[in-house]
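The structure appears right after this line, and notes come after that.
The values are calculated or read from the model by the stated rules, or taken from the named source; none is laboratory data. In this text, all values refer to a predicted model and were calculated from it rather than measured experimentally. Methodologically, a virtual Cβ is constructed for each residue, glycine included, from the backbone with ideal geometry; neighbour enumeration extends over all protein chains shown.
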């Protein structure tokens, strides 16, 4: 019997994030390959999850923004000692450092992973933009293929000089045994938070970061509140706690203290998604394939979203999507959904069912894993 192909993944870190979550799902649902994960930084949130799933994890303790020459040579030595058949890198720093290290270690089957859809001066870090342009120059030499998680990401990176014939799209896939409708989880979270089962609950899962544009969401909610709509809103993610003085002041300024609950980071995202009646993504830039939209829909929770990355492709309908940075239009989407929820229960139920069916048919974990495996073997 042939030995399984060995795939060595190089990623900047293993903290909570979209790329990190996709890497974990890919490794744990691809048993016919031997997966090894190298974190340039530390084990973060997902290191222990990978190890528990039988995946070898190496942490280099590097600061990717200021890479140590010693640790870079440690990476080269690690690659040589593992003799991988394929190297898959994730995100710009890993594409650059991991790609060069792989080449120096003698590996030729190198696949880059692109997770950004836009690079905007004044919003994206200057170092990130610089590294992306360096990667564009090296894309002719280092990777065999460049895997983008979204069509928008492919378009943007082709425009900045990435080798166009190497670019391909593999959408994210989701573990639908975790993200699925669950009335028990819905009741549990609502009881925990003191929210009635009949109360209209919306929310957003995503760290406190300019990219997510929580200010846009809060201003939209203030317009919704002005229409005398009775609602509560959960904000979930890193930095979304009462310790965030700037956020607390903004909530108070808009008169939303009674409506908005700050939950901080949570490890029970499927339960949170089930508890919501509506998930809102208010991002203004930088998204490629926003996982939270698909995760909410997989749980039967309808979504409204700004038109960032491939969000429109995920939801599959333009009437729940609006331009970024426009709280008035976002508030109108929320109000439309609230009115349907409040007055047309059968229509709302069909919307919930359609959300689940779309994710099941278009974005399953099985289809994503099969696409990655085919790319590694056939490219």
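Just a few scattered comments:
- Number of residues in segment 293-307 that are buried (at least 24 other Cβ atoms within 10 Å of the Cβ) and out of contact with any helix residue (DSSP H, G or I) (no Cβ under 8 Å at 6 or more places or on another chain): the value is 0.
- Members of segment 185-215 that are in a loop (DSSP other than H, G, I, E, B) and within 20 Å of the chain's Cα centre (by Cα): 206, 207, 208, 209, 213
- Selection within segment 52-80 - within 15 Å of residue 9 (Cα to Cα), touching a helix residue (DSSP H, G or I) at 6+ places or on another chain (Cβ under 7 Å) and in a helix (DSSP H, G or I): 75, 76, 79
- Residue check for residue 142: in contact (Cβ under 8 Å) with a residue 12 or more places away in the chain and in contact with a strand residue (DSSP E or B) (Cβ under 7 Å, 6 or more places away or on another chain): yes
- Of the residues contained in segment 81-95, one or more are found to be on the phi > 0 side of the Ramachandran plot, assigned to a loop (DSSP other than H, G, I, E, B) and crowded, with 22+ Cβ neighbours inside 10 Å.
- The requirement of being within 17 Å of residue 371 (Cα to Cα) and either crowded, with 19+ Cβ neighbours inside 10 Å or modelled with pLDDT of 95 or more (or both) is not satisfied by residue 60.
- Any hit, segment 260-278, residues being surrounded by fewer than 22 Cβ atoms within 10 Å (Cβ to Cβ), within 25 Å of residue 153 (Cα to Cα) and not assigned by TED's automatic domain parsing to the domain that holds residue 116: no
- All positions within segment 161-172 that are under 20 Å from residue 141 (Cβ atoms) and surrounded by 14 or more Cβ atoms within 10 Å (Cβ to Cβ): 161, 162, 163, 166, 167, 168
- Among the residues of segment 31-42, the ones that are touching a helix residue (DSSP H, G or I) at 6+ places or on another chain (Cβ under 8 Å) and buried (at least 18 other Cβ atoms within 10 Å of the Cβ) come to 7 in all.
- Filter result for residue 13 (under 21 Å from the mean Cα position of the chain (by Cα) and more than 16 Å from residue 369 (Cβ to Cβ)): yes
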